[in-house]
Structures are given as C-alpha cells and as structure tokens.
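Here's the structure we're looking at; comments come further down.
The values are calculated or read from the model by the stated rules, or taken from the named source; none is laboratory data. What you are looking at is a predicted structure, and each value in this text was computed from that prediction instead of being measured. Methodologically, a virtual Cβ is constructed for each residue, glycine included, from the backbone with ideal geometry; neighbour enumeration extends over all protein chains shown. Please note that ligands, DNA and RNA were not included when accessible areas were found on the heavy atoms of the full protein model with its side chains. Shrake-Rupley method; radii C 1.70, N 1.55, O 1.52, S 1.80 Å.
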Amino acid sequence: MRRNDKAVLTWCAAALLALATAAFAATGPIAVAVEPIKDAGAVEKGAKVVHDFVIRNDGDEPLQITEVQAACGCTATSYDRTIAPGATGVVRAELDSTTFSGGIAKSVTAYTNDPATPKIELTIKANVEPLLAVRPGYARFVKRETQGPAKVEQIVWSPRGEAFEITKVESPYPFLKVTYRPATDSDRQEVNAPSGGYVVDLALDYASAPAGALANNVTIHTSHPKQKVVEIPVSGFVQPAVAVTPPVMDFGDIRIDGPVRASVHVRGNIQGQEFALTRVEDDLAGLEASIEPSGAAGSREFDVRLQLGPSMPKGIFNGTLKLYTNHPLSPVVEVPVKGRVL
C-alpha cells in the first residue's frame, strides 16, 4: 500500500472516531453534587446548622431541580430551581439539633430532570453535645418484684460545668414518685461531671400501679438559660399481681349434649413469696369449678377447670367467677363468665 493511501486511511479512521465520539457524547442536563455530605462537627444542642449544598450542571441543557424533600430533623429552606449548563446552584438545608443528642446524620433529597441522576441525597452530619446530660437517661420497669416501690436513679449534670438548678419535676403517673437532691462528689465521679448536678430518683409504687404498659416522660424543669426542660422517657409493663388467662371466660354459643369444659389459667406474679389459689366461687347454676395445680410442685400457677352441665338453662348467661388467693395485693380476682345455651 502506498504512503498516500495509508495517510488517507489514517485520516478517515480519526474522522470516524471523532464522529462516533460526538454521536455518543452525553447530551442534556448532568447533575453533580460537589459536596453531598457536610460534617458540621460538634454542635451545641439547640443550635441550627445551615449549609448550602452546591449542585453543578455538567450537561449542555438546563438542569431543573423539581422538588426537594426533607427527612425528619432536616429542612430545605430554599433551592435554585434552574441551573444553566456549566453553572452551579445551591440547595440550602437547615438542621435543628434541639431534639437530638450524640452523632446524627439527617438528609434532604433533591429531585432533578437528569435521567441518569434523578435524585441526589444531601446529608448534614453533626455530633450534638448536650447542654444538660442525663445518665442513664431513661427508666424502664419490667416486672413486679416486690410489694414496695422499684427505684431508678438518674444523674443530671452540665458537661461544661455550667451552673443550673432544678426548679420542678413532673411525673406522668400518680403511682410514680419523682424526687431530686444535689449530687455529691461520689455521684459526680460516676459520670465524670466537673461540678454541680443533681440526682433524680424515680420510684414506681407497684402496690398502687394498675397493670398495663408504661409509655410517658418525666419532665424536669431547670434554670439553665438554654435548656429549660429535660425529659426522661419512662417505659415498661406493670404485670398484674395475679394474671388470669383468659381475663373473660366466653363460652360463645353452645349446645349442651354432654359436659362442656373449659379452663382458666392463674399465675401469681410476686417473687420470693409462695402463691396459692385457695378457693373458687361462682354464681351460675349448672357451672362446676375446681382448682388444679399447674406445673411442678411449688409452682405459682394453677388451672381452674370449668364444666357446664345439662342443668344450665337455655338462653344467655352472665356470671362471675371469684378466685380467692393468698396474694396481699389481689386477695380476690373476678373473672366474668358468659355465653348462650342453644
């Protein structure tokens, strides 16, 4: 092949490569987040962190930011809706640290008309330092261990050594007593507090607490200029002194062609004390009830065996099963009994 022919072929190949590159070059808007994550470092609790996230358009058509959605705790206060080719715009985000403590990461999502990048996650990270710290910071009561109160101790202090006073405490329950006193040197050593501080005691009186879930907050009011309120979550479950399953004995619609049997399970919930189901009474004619221990000897569980006999009159019946126990908090437990004889 002659030299001129080689030159012509080389030129043609280069031209074809240039045409192919141009043909496959990306067109339209191209969204690029210059700094998608902003680490604000240490932030005082209650402070607001404001940051402008820069969005660059590397495309050859206008980039549209169609919508910005914020996650909990982070808000997009403004954003540029149109960014020209080669230009930049901003999404301004604000993080309110009031309800957070410790390391957090909160995001806003920007939606664009870039087919390759239809949404961009923009995140503000921070380490929120409390003005007033609480340890353990929560109170959980899970079981009935004694007849007296169960106590959980909290230590409240200023990590920066700022002076403050507790002015008032509020309990969400009448059976949860909350008291406080100035912290001693020994108390402060437990949390490495520089000075001051208080010990807050939460005492749950099981004797007067109704059975059921606990889910509320103890509120502590303070004189701190920047944190007037501290809340301590209270959770758990108060077991009934005597647990009965089912709590209502519903036979439903029945035909008494022969004995109809059912049972009620009874358990005493108090540790370190023997539990006994001493006797059972009912007020329904035709109902027989008897007590049987459930489980191994010494168990605190019993079964009450029920039997409806042919003397039960037809129609709706409603009665009460009375369970007598040696439990000092629940000496008598009543169980409704109902149904209909067809």
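Structure notes:
- Output for the stretch 66-79, where each listed residue is open to solvent by less than 60 Å² (accessible area, probe 1.4 Å) and part of a loop (DSSP other than H, G, I, E, B): ALA71, GLY73
- In this structure, VAL218 does not satisfy being in contact with a helix residue (DSSP H, G or I) (Cβ under 9 Å, 6 or more places away or on another chain) and surrounded by 13 or more Cβ atoms within 10 Å (Cβ to Cβ).
- If you go through the stretch 233-256 and keep only what is open to solvent by 80 Å² or more (accessible area, probe 1.4 Å), in a strand (DSSP E or B) and not acidic (Asp, Glu), you end up with PHE237, THR245.
- For ASP96, the test of being out of contact with any Pro (no Cβ under 8 Å at 6 or more places or on another chain) and touching a residue at least 40 places away in the same chain (Cβ under 8 Å) is passed.
- In the stretch 156-213, residue modelled with the lowest pLDDT [restricted to those that are more than 19 Å from GLY137 (Cβ to Cβ) and among the polar types (S, T, N, Q)]: SER208
- Test: residue in the stretch 49-65 that is closer than 30 Å to ILE232 by Cβ, touching a residue at least 60 places away in the same chain (Cβ under 8 Å) and open to solvent by less than 30 Å² (accessible area, probe 1.4 Å): yes
- One residue from THR88, THR82 being modelled with pLDDT of 95 or more, exposed (fewer than 14 other Cβ atoms within 10 Å of the Cβ) and not basic (Lys, Arg): THR82
- Within the option set THR245, THR219, being under 30 Å from LEU321 (Cβ atoms) and of a type in the set (Ser, Thr, Tyr) holds for one residue only, THR245.
- Listed by first and then second residue, the pairs with beta-carbon distance under 6 Å, at least 6 apart or on different chains, first residue in the stretch 70-85 and in contact (Cβ under 8 Å) with a residue 12 or more places away in the chain, second in a strand (DSSP E or B) and hydroxyl-bearing (Ser, Thr, Tyr), are ALA71/SER107.
- Residues within the stretch 97-122 that are under 31 Å from the mean Cα position of the chain (by Cα) and at pLDDT 90 or above, tallied: 13
- Residue selected from the stretch 221-232 under the condition of a type in the set (A, V, I, L, M) and surrounded by 14 or more Cβ atoms within 10 Å (Cβ to Cβ), by the criterion nearest to GLU162 (Cα to Cα): VAL230
- Options SER101, SER158; residue that is hydroxyl-bearing (Ser, Thr, Tyr) and under 30 Å from PRO36 (Cβ atoms): SER101
- Taken over the stretch 99-123, the residue count meeting the criterion of being exposed (fewer than 14 other Cβ atoms within 10 Å of the Cβ) and either acidic (Asp, Glu) or free of Cβ contacts under 8 Å to residues at least 24 places away in the same chain (or both) is 2.
- Pair list, Cβ under 6 Å, 6 or more apart: the stretch 273-291 residue closer than 23 Å to LYS338 by Cα, other residue of a type in the set (A, V, I, L, M) and at pLDDT below 90: GLY286/MET312
- Selection from the stretch 30-48 of residues that are farther than 29 Å from ASP114 by Cα and assigned to a strand (DSSP E or B): GLY41, ALA42, VAL43, GLU44, LYS48
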